[in-house]
Amino acid sequence: MAKAKKSKAKKSANKKTKKVKKPAKRAAAKSAPAKKSKTKKSKKPAARKAAPRKAKKAAPKKKQKLVGEGDYAASRTFLKDQSSFVKKNKAKIPELGREAQRALDGPEGDNLRAAEQEAMNRSTID
């Protein structure tokens, strides 16, 4: 059987595409490893992954001294002093309460109420 002749346009188109493909094949052939034969080989177990790295501990932060209403040190000191006062004066506390009541009912009661009101005015947030 005789092969059919291709037109010149088709031949030139085939040559152009072949030229473009050849360098790509060569580049792929260089970077790809050689093909292995199709003989059956036992599969090797997958390589073990490296142990995960432990994150380094951050350096301990310096304590920041907060000042104002968020002053933690002052808050701790206040609570400690309050609890120690109660422990020391546990038996005396009822008598101290009665003394305070007598002072409010007595001649200095007006001064004590004015001082209490002044302290309350300072503590309110506008």
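Yes or no: the range 67-79 includes at least one residue that is exposed (fewer than 10 other Cβ atoms within 10 Å of the Cβ), of a type in the set (Asp, Glu) and at pLDDT below 95. I'd like the intermediate steps shown before the answer.
Kept after step one, since they are exposed (fewer than 10 other Cβ atoms within 10 Å of the Cβ), are these residues of the range 67-79: 67-70.
Now drop any that are not of a type in the set (Asp, Glu), which leaves 69.
Keeping just the survivors that are at pLDDT below 95 gives 69.
The answer is yes; a qualifying residue exists.
Please work out if Lys22 is surrounded by 10 or more Cβ atoms within 10 Å (Cβ to Cβ) and at pLDDT below 70.
For Lys22, the condition - surrounded by 10 or more Cβ atoms within 10 Å (Cβ to Cβ) and at pLDDT below 70 - is met.
Look at Arg76 and say whether it is part of a helix (DSSP H, G or I) and over 37 Å from the mean Cα position of the chain (by Cα).
no
The values are calculated or read from the model by the stated rules, or taken from the named source; none is laboratory data. In this text the structure is predicted, and so the values were computed from the model without any measurement. Quick reminder, even Gly has a Cβ in these numbers, built from the backbone with ideal geometry, and neighbours come from all protein chains shown.
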